[in-house]
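Colleague: Once you've had a glance at the structure underneath, I'll fire off some questions.
A short reminder: the numbers here are calculations on the coordinates, not readings from a lab. Owing to the predicted nature of the structure, the values given are computational and were not obtained by experimental measurement. Using ideal geometry, Cβ is built from the backbone for each residue, glycine included, and neighbour counts are taken over all protein chains shown.
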Amino acid sequence: MRRAINIVPGSGTRILLALLPFLLIACLYVVVSAERQAANPGDKLLPPIAEMATSMDRLATEPDRRSGDLTLWSDTAASLQRLFIGLGTAAAIGLVLGLTLGVLPVADAGLSPLVAVVSMIPPMAILPVLFIIFGLGELSKVVLIVIGIAPFLVRDLAMTVAAIPTEQIVKAQTLGASTWQLMLRVALPQAMPRLIEALRLSLGPAFLFLISAEAIAAESGLGYRIFLVRRYLAMDVILPYVAWITLIAYLLDWLLARLARRTFPWAYVQETRR
Amino acid sequence: MSEIRVHNVWMEYGDQIVLENISLDIASGAFVSVVGPSGCGKSTFLRMILGQERPTRGIITLDGAALPGEPGPDRGVVFQRYSVFPHLNVVQNVLIAFEFAESPFTAKLFGAKRRAASEKAEALLQAVGLSEHAWKYPSALSGGQQQRLAIAQALARKPKVLLLDEPFGALDPGTRAQMHALIKPLWRERGMTVIMVTHDLKEAFGLGTRLLAFDRPRIDPQAPERYGARITYDLDLSRDGPVPVLGFSPPIEPSTASQETKRSMSHA
């Protein structure tokens, strides 16, 4: 009998093993839901799968009576728009400030304590401030996402850039690089893969801030819908919405991972060797 | 021309004296090997010529002009590790030197200029024997190939001085011999001054036209940081036969040094 650490599953077994826990959870849900329905036909807590499917079908295909939109898709579009603008802005700030702090010692001395302090402000605590300053519209939600993740991106990228071996920085100078050229051709390309990894890590917090802002003040969006139907204990909408949000986040994460490996193959050499 | 003059140079980090009172002239086109025990300041000496560090006292001149306080294209360098860019492939690693020179804002070349620069880069790769690996990333190269690339890169801007910081220290003996066979003709053809720090005495004697040995002639056991390293041997290797000693800072009378040690021992 081999040691447990030496038993490595093949690719087929691997997929099967990965699916197994999902199937188990699904089965468990179906069984428990059926039991509750049997005990109380009006149970709202764990609606049967069929009921959730009908609700989602209605939200996805029937125009809303008031606005005429297809609710699921308009909610998704509104949320994703906020998310992408927020993530994009935060990435741009992270990249510019991170590079500057990582490359220029003067900028680092002047700004990194500030960034360190700002990154400790709990973003949710200043949400009211954002609502007061930017109103209840789209801007305040986007700003919340930016404030929530930009400081992390700045610090992470500054550390990544500062960790580029001195030998490379000196070498670039002996090849005649100016500070600007060095940032553009040496620091920036080496920061990019890390930026994508940091964005992947930020997806969770970004969704957290998005849903929170939508829960408090919005007219559309995935978070808005969940908190709206909460009043009617509409688990048949809430649970599929949560699953939908999770699926979107998972797909974004997967896409970013693929993008990074395709665009910056040199950064993942160690991985493919393993 | 690329004559280096080092005049009364001291290097101190706080209380610690690393180099004391180093003075020497390095003739244009010399191949200077620098040897010495670990931590005796030979790499510090190299970094001072490179401009990465500034001497605490004294001046260093290159062709009569004081060295600028930062690295520049007149002094090329090959480090033991990490001196090629991991995000660029082999040809891009050399091409970037021309891009820095000719494209101040975007640091990228296009069209005819790019083709011209690519040809120069490929010629350099040919010279170091890397032509067939032009599209590989450095991570796919062996240690010796990475050092070949680093050399091609360092030669791109035609530096007056080439600084080598234990360039072949991490290579196996066979590859090291190949690198020796590569570097010597490159140095001869280009007429640059080479300063090479090494731990390998055979390499130092085999390649150099001049050998500098750094060591600390005096050590105070109570305060080891009080005395720095000097040049203890300066050998001319350019002629056949017995090696004449060019300069040689006379050991600070061994008697006084040992008396000092004894005195401090008896105090202790």
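Colleague: On a 0 to 90° scale, report how tilted helix A:71-103 is relative to the longest principal axis of chain A, with both axes built from alpha carbons and the result rounded to the nearest 10.
Modeller: 20 degrees
Colleague: Which one of B:200, B:236, B:15 has the biggest mean-square fluctuation once chain B is modelled by GNM with Cα springs under 10 Å?
Modeller: B:15
Colleague: Right, here's the next one. Let's test the formula: R0 of 25 Å, r as the Cβ-Cβ distance of residue B:158 and residue B:106. What FRET efficiency results, to the nearest 0.05?
Modeller: Values: r = 23 Å, r/R0 = 0.92.
Using R0 = 25 Å, I get an efficiency of 0.65.
Colleague: For residue A:168, what charge total do you get from the other residues with a beta carbon under 12 Å from its beta carbon, if Lys and Arg give +1 and Asp and Glu give -1?
Modeller: +2
Colleague: Say the cut-off is 26 Å between C-alpha atoms; which of B:42/B:120; A:171/B:120; B:136/B:160; B:113/B:184; A:171/B:184 go over it?
Modeller: Flagged as over cut-off: B:42/B:120; B:136/B:160; B:113/B:184.
Colleague: Quantify how much of the Cα-Cα distance distribution of the stretch B:94-175 extends past 22 Å, in percent.
Modeller: Pairs farther apart than 22 Å: 30 percent.
Colleague: Let me ask something else about it. What ranking do A:108, B:220, B:74 get, fewest neighbouring Cβ atoms within 10 angstrom at the top? Provide the component values of the computation, followed by the final result.
Modeller: Working: A:108 17, B:220 13, B:74 20.
With the sparsest Cβ surroundings first, the list reads B:220, A:108, B:74.
Colleague: Same structure, new question: What is the order of A:106, B:32, fewest Cβ neighbours within 10 Å to most?
Modeller: A:106, B:32
Colleague: Just to check, using Stokes-Einstein with a Kirkwood Rh over alpha carbon pairs, what's the diffusion coefficient of the protein assembly as shown at 10 °C and 1.306 mPa s in µm²/s?
Modeller: Reported coefficient: 55 µm²/s.
Colleague: Can you sort A:44, B:42 so the residue with the fewest Cβ neighbours within 10 Å comes first?
Modeller: So the ranking, lowest neighbour count to highest, is A:44, B:42.
Colleague: Follow-up. Counting only other residues whose beta carbon sits under 14 Å from that of residue B:150, what net charge do I get with K and R as +1, D and E as -1?
Modeller: +1
Colleague: Same structure, new question: Over chain A, what relative contact order in percent results from Cα pairs under 8 Å that are six or more residues apart?
Modeller: About 22 percent, as a whole number.
Colleague: So which residue, out of A:195, A:16, A:111, gets the largest mean-square fluctuation from a GNM of chain A using Cα contacts under 10 Å as springs?
Modeller: Comparing A:195, A:16, A:111 in a Gaussian network model of chain A, the most mobile one is A:16.
Colleague: Note the angle between two axes, namely the Cα long axis of helix A:188-216 and the longest principal axis of the Cα atoms of chain A, as a number of degrees from 0 to 90, rounded to the nearest 10.
Modeller: 30 degrees
Colleague: Continuing with this model, one more query. How much space per residue, in cubic angstrom, does the convex hull of the C-alpha atoms of the stretch A:163-274 take up? If you can, show how the numbers build up before the last one.
Modeller: On the way: hull volume 16.6 nm³, N = 112.
In the stretch A:163-274, the Cα hull volume divided by residue count equals 148 Å³.
Colleague: Mean separation of Cα pairs under 8 Å and 6+ residues apart, divided by the residue count of chain B: what relative contact order is that in percent?
Modeller: Result for chain B is 25 percent.
Colleague: Another question, if that's okay. Let me check the size of the stretch A:70-261 from its C-alpha atoms; what are the radius of gyration and Dmax in Å?
Modeller: That works out to 19.3, 69 Å for Rg and Dmax.
Colleague: Another question about this same structure. In the neighborhood of residue A:219, defined by Cβ-to-Cβ distances under 14 Å, what is the net charge if each Lys or Arg adds +1 and each Asp or Glu adds -1?
Modeller: -1
Colleague: Shifting gears a bit: Along the charge dipole of the stretch B:75-158, which of B:133, B:83, B:104 sits closest to the positive end, that is, farthest toward it, with unit charges on the beta carbon of Lys, Arg, Asp and Glu (+1, +1, -1, -1)?
Modeller: B:104
Colleague: Using only C-alpha atoms and all pairs of different ones, pull out the Kirkwood radius for the stretch B:1-77 in Å with one decimal.
Modeller: 12.9 Å
Colleague: To continue, here is another question. What is the distance in Å between the Cα centroid of the stretch B:1-69 and that of the stretch A:1-29?
Modeller: Answer, in whole Å: 63.
Colleague: If R0 is 51 Å, what FRET efficiency do you get for residue B:57 and residue A:257 from their C-beta distance, rounded to 0.05?
Modeller: Efficiency for this residue pair is about 0.40.
Colleague: Determine, from the Cβ-Cβ distance of residue A:20 and residue A:159 and an R0 of 51 Å, the FRET efficiency 1/(1 + (r/R0)^6), rounded to the nearest 0.05.
Modeller: 0.85
Colleague: For the stretch B:127-204, just say rounded, prolate or oblate: build the C-alpha gyration tensor, square-root its eigenvalues into a ≥ b ≥ c, call rounded for a/c under 1.5, and beyond that prolate if a/b exceeds b/c, oblate if not.
Modeller: oblate
Colleague: Mean projection of the alpha-carbon convex hull of chain B over all orientations, in nm²? Walk me through the numbers on the way to the answer.
Modeller: On the way: hull surface 67.5 nm².
Spelled out: convex hull of the Cα atoms, projected over all directions, averaged, 16.9 nm².
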